[in-house]
Amino acid sequence: MEYPYCCSRQSLLPAFAVGLISNGQGNDCDKLKINEDLAAFWAPFLLLHLGGPDTITAFSLEDNELWLRHLLGLVIELVAVAYVFSQSMPNHDFWIPTVLVFFAGAIKYAERTRALYLACLGNFKESMLPKPDAGPNYAQLMEEYTAKEAAHVPVRIEIEPEPEKKLPPLEDLEKLEKEAKSLEDVEVVERGYNFFETFKGLIVDLMFSFHERNESRNFFFKMKSKDAFKVMEVELNFMYDVLYTKMAVVHRKIGYFFRFICSALIAVSFQHFASHHKHNIHHFDIAVTYTLLGGAVALDFVALFKLIFSDWTIIRLKNSEAKKIVSAVRDTLSIEKRCRWSKSISQHSLISYCLKKRFKWFDKAADFFGLKDFLDEVQYKETNPVEDDLKKFIFSELRKKAEIARDSKIAKEIYSMRGDGVLSQSICHYTSIVSSVSEEVEYDESLLRWHIATELCYFPETDTNDPNHENRKFCKYLSEYMLYLLVMRPTMMSAVAGIGQIRFRDTCEEAKKFFRKGKPISKTVILLSVLNAPMKKMKKCFGKSQSKSKEERQNAPMRKMKKCFGKSQSKSKEERRDACEKLMAVNTVVKPIAVKGDRSKSVLFDACMLAKDLKKLDDKKRWDIMSKVWVELLSYAASHCRANTHAQQLSKGGELVTFVWLLMAHFGLGEQFRIEAGHARAKLIVEK
């Protein structure tokens, strides 16, 4: 990966610069000798550089594992800068600002190293482990029990389990949701932080008690979907902060103290240098020094501003008068409304991928230089915003499942559903539909079958504004999003993907072979399809029209380019519709495996069989079942992906599947809740 390389380069450049300064101090050249004191003053600024900004300490989780190397680097850099400073003594004109900047830089670099140490997953997990608990004094209890038995006193041991809170019926929950008031922005931050403190152990696979499960369930069952996602945004933002920034170090009492010290040291050093005489110093060197000092002051001011008006400060100022002031400023500056995640999903279509062509020599060249995957993303990936209706639908479906999960056994059954739960309730008698999500079929195969079947059902139909067809839109969104994760984010889906890559490639090869049959493709069409994708990335360069809607303004440049260079969106839809109709026209009475055997892992015509059976259902029922199946496929992937892959995605803008993972945990769905009883109390009861 390139991130560790970037980090190592960031560390090497300051070390190299300190070495140059140290080497130049012993030079007899008069020009260098004149600026010796100033050069020694520059050296501590490299420590400030190594300390980095508060908002980023690591680009990936792997960077946090290198905290020991950074600690060693801190010691080496401190020694090197101290050596440079000692070489300029005793006649150092700027020794006071040099010492001040040295201590400020040392504090900042130490903060970064400490942040990396705390974010290292091993240390992160250890910091959350509860204190050892031996439980009730079993030996003493049994000793008393034995003594009373020996005295022929009738005695028995009675266990009083802690009562578990019961959830109200689903009808009452829906009523509570409608009556629930929207949370204020500060309330969202507070709730998000509280749940972050409770559920941050998810990242390192810690277990949770039934207390934590019930508290979370009771809150999220009564929430509106919009507020629930806002709370989770804040919660994931706090997770990002502790894993990839200095916030866990800075937002402590000792952190505030050192931040005040750093700001004061930098400000005083600037004032001291500005008021000090600068005879025999070149004007360019003075300008460089002012640039370094001015940059340090400016960066420190920005860091201080973000520190004061961050979510962490709102938490620290809870129940205080200062909180109202900070909240008012945040409202005025709209700081709390900043985007905490990308709020978009990437999508990939198998049929669209198979219809678009590139020159073979172009693919070979791209593959040789390791650019094929990158070009595939540029050409075949689409990005769309996550609509509130989609989030509401996912939230509603998961809440219905969570309402049924009254105990851990049922919760684990729901946690393992990947479409079979919906079909078992829908009284579906078509074999290919039920078998497509059975345990005998691997998850990646089910996903590919349902993705192709969704396209085959979606494109022959015309668009409609009928509200019953909202599920149709959800199916397309989730279908293409899940295929994107399977094909273009295989690391994230590795726990459930199986041989997904092989199956996808075989299916694509069969689809391309089918679409090419009797239809020669011109080189012009291939060239235009290659050029068409990068044009999508250029659409943001066009000007905006205030008279049009946001969606129209975004799509207008694309329409202009496609008119000149590529195919229009309607033409692309027509091609996909034609391709779907051709696939549906194939006779699939005989199962593909009976004809082709097991050599190829393609599921193209298995998906056609699935689509034909789905077509036999009533239109409304079909899309209702399919949309719910896709939610189960999404939730299965979310809950079975490794926790550290979800954490890794936080540094890349976040994914919808991570929100689903967290929402399932809040609803008590999963294997994280293995402690089903509270602290039961054992009593010796003497019977009369």
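Some observations on this one:
- Taking the criterion of being among the small types (G, A, S) and under 23 Å from the mean Cα position of the chain (by Cα), the residues of the range 114-136 that qualify are A115, A119, G122, S127.
- Any chance L116 is surrounded by 13 or more Cβ atoms within 10 Å (Cβ to Cβ) and under 30 Å from N214 (Cβ atoms): no
- The range 578-617, subset among the basic types (K, R) and touching a residue at least 24 places away in the same chain (Cβ under 8 Å), residue farthest from C457 (Cα to Cα): K601
- Note on the range 217-232: residues that are over 22 Å from the mean Cα position of the chain (by Cα), buried (at least 19 other Cβ atoms within 10 Å of the Cβ) and among the polar types (S, T, N, Q) amount to 0.
- Condition met for Q379 (of a type in the set (S, T, N, Q), surrounded by 13 or more Cβ atoms within 10 Å (Cβ to Cβ) and on the phi < 0 side of the Ramachandran plot): yes
- Restricting the first member to the range 480-499 and to residues that are on the phi > 0 side of the Ramachandran plot, and the second to residues that are part of a loop (DSSP other than H, G, I, E, B) and not hydroxyl-bearing (S, T, Y), the beta-carbon pairs closer than 7 Å and six or more apart or on different chains are G498/E442.
- Taken over the range 40-71, the criterion of being within 19 Å of the chain's Cα centre (by Cα) and of a type in the set (F, W, Y) is satisfied by F59 alone.
- So E575, is it over 23 Å from Y443 (Cα atoms), touching a Lys or Arg at 6+ places or on another chain (Cβ under 9 Å) and acidic (D, E): yes
- Close pairs (9 angstrom Cβ cut-off, 6 or more residues apart or separate chains): within 12 Å of V99 (Cα to Cα) and not assigned by TED's automatic domain parsing to the domain that holds A40 in the range 266-281, surrounded by 15 or more Cβ atoms within 10 Å (Cβ to Cβ) and among the acidic types (D, E) anywhere: none
- Scope the range 282-297; condition under 18 Å from A39 (Cβ atoms), small (G, A, S) and surrounded by fewer than 15 Cβ atoms within 10 Å (Cβ to Cβ); matching residues: A287, G295
- Every condition in (1) surrounded by 12 or more Cβ atoms within 10 Å (Cβ to Cβ); (2) more than 24 Å from N64 (Cβ to Cβ) holds for H279 except the one numbered (1).
- Flag if K400 is closer than 25 Å to Y477 by Cβ and either touching a helix residue (DSSP H, G or I) at 6+ places or on another chain (Cβ under 9 Å) or hydrophobic (A, V, I, L, M, F, W, C) (or both): yes
- Hey, A104 closer than 30 Å to L71 by Cβ, modelled with pLDDT of 90 or more, in a helix (DSSP H, G or I) and touching a Cys at 6+ places or on another chain (Cβ under 6 Å) or not: yes
- Unmet criterion (only one of (1) within 28 Å of A296 (Cβ to Cβ); (2) of a type outside the set (D, E); (3) in contact with a Pro (Cβ under 9 Å, 6 or more places away or on another chain); (4) in contact (Cβ under 8 Å) with a residue 60 or more places away in the chain) for F85: (4)
- Residue in the range 396-407 that is in contact with a Gly (Cβ under 7 Å, 6 or more places away or on another chain), of a type in the set (S, T, Y) and in the same structural domain as L634 (by TED's automatic domain parsing) present: no
- Single residue of the range 298-311 satisfying the filter (touching a residue at least 40 places away in the same chain (Cβ under 8 Å) and among the small types (G, A, S)) that is surrounded by the most Cβ atoms within 10 Å (Cβ to Cβ): S310
- Listed by first and then second residue, the pairs with beta-carbon distance under 9 Å, at least 6 apart or on different chains, first residue in the range 41-61 and surrounded by fewer than 20 Cβ atoms within 10 Å (Cβ to Cβ), second hydrophobic (A, V, I, L, M, F, W, C) and not in a helix (DSSP H, G or I), are F59/M1; S60/M1.
- When the range 193-212 is filtered for residues that are in contact with a Ser or Thr (Cβ under 9 Å, 6 or more places away or on another chain) and modelled with pLDDT under 90, the ones remaining, listed by number, are F208, F210, E212.
- The lone exception for I34 - which of (1) at pLDDT 70 or above; (2) among the β-branched types (V, I, T); (3) out of contact with any Ser or Thr (no Cβ under 7 Å at 6 or more places or on another chain) it fails: (1)
- Of the helices (runs of 4 or more DSSP H) lying entirely inside the range 176-269, the ones with 2 or more residues being closer than 30 Å to L299 by Cβ are found at 185-199, 225-244, 247-250.
Quick grid of which residues meet (1) modelled with pLDDT under 85; (2) closer than 30 Å to K400 by Cβ; (3) loosely packed, with under 14 Cβ neighbours inside 10 Å; (4) not assigned by TED's automatic domain parsing to the domain that holds H49:
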| site | (1), (2), (3), (4) |
| --- | --- |
| P97 | no, no, no, no |
| F124 | no, no, no, yes |
| P132 | yes, no, yes, yes |
| G135 | yes, no, yes, yes |
| E149 | yes, no, yes, yes |
| E158 | yes, no, yes, yes |
| P161 | yes, yes, yes, yes |
| E177 | yes, yes, no, yes |
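- Subset tally (residues that are in contact with a helix residue (DSSP H, G or I) (Cβ under 6 Å, 6 or more places away or on another chain) and assigned to a helix (DSSP H, G or I)) for the range 270-303: 9
The values are calculated or read from the model by the stated rules, or taken from the named source; none is laboratory data. In this text the structure is predicted, and so the values were computed from the model without any measurement. Because the Cβ atoms are built from the backbone with ideal geometry, glycine has one as well, and the counts that use them run over all protein chains shown.
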